[in-house]
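Read through the structure below, which is laid out as structure tokens, and then see the notes.
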Amino acid sequence: MPSIPPARPRRRQQGFTLLEVLVAMLLTFVGLMGMLQIHGRAIGVAIDATERNQAALMASELAALMWANNSATLDSTVLDTWKTTRLQNEDISGLRAAELTVSDPDASGVVLITIRWTSVTHQGQASRYVTEMVIPQELS
């Protein structure tokens, strides 16, 4: 009677198949791209917040100048000098192509200060900051 050869013991599988490696690489790539996109958006939001903060600081500085002069209407030379040396100087204000509009005070001394600038993160779209200040009327 012929003898049946004994079954060879099965070898344990070692390593990964090429398909498993490719799937792992794809998942890693997708995860890294998602993290890069989130990081890019976070940088954009931080730049937007910085620009808004700079506009608020410039508006507060102008309001302080009005308070110091005890008048809601500044002399045009004082206002023009402030605009050119402070607001429109990008190194100082941090705002690109900044413009200023100051409304005439109403009966209760309320003045609207509007600052517009070209946003760095929104492909050149205009951004604006509007604040309402109560400035004491001129003393007679």
When the range 35-84 is checked residue by residue, the ones that are out of contact with any Leu (no Cβ under 7 Å at 6 or more places or on another chain), surrounded by 11 or more Cβ atoms within 10 Å (Cβ to Cβ), part of a helix (DSSP H, G or I) and polar (S, T, N, Q) are 50, 53, 60, 69, 81
When you look at residue 32, is it surrounded by 14 or more Cβ atoms within 10 Å (Cβ to Cβ) and of a type in the set (A, V, I, L, M), yes or no?
-> no
Of all residues in the range 112-125 being surrounded by 11 or more Cβ atoms within 10 Å (Cβ to Cβ) and modelled with pLDDT under 90, which is nearest to residue 61 (Cα to Cα)?
-> 119
In the range 112-126, what residues are in contact with a helix residue (DSSP H, G or I) (Cβ under 7 Å, 6 or more places away or on another chain) and assigned to a strand (DSSP E or B)?
-> 113, 115, 117
List every residue pair whose Cβ atoms lie under 7 Å apart, where the two residues are 6 or more positions apart in sequence or sit on different chains, the first residue falls within the range 57-84 and is closer than 17 Å to residue 104 by Cα, and the second residue, located anywhere, is at pLDDT 90 or above and of a type in the set (S, T, N, Q).
-> 59/131
Search the range 85-105 for residues being part of a helix (DSSP H, G or I) and in contact (Cβ under 8 Å) with a residue 12 or more places away in the chain, and hand back the single one that is surrounded by the most Cβ atoms within 10 Å (Cβ to Cβ).
-> 87
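The values are calculated or read from the model by the stated rules, or taken from the named source; none is laboratory data. Because the structure is predicted, anything quoted here is derived from the model rather than measured. Cβ coordinates were reconstructed from backbone atoms using ideal geometry, including for glycine residues, and neighbour counts include every protein chain displayed.
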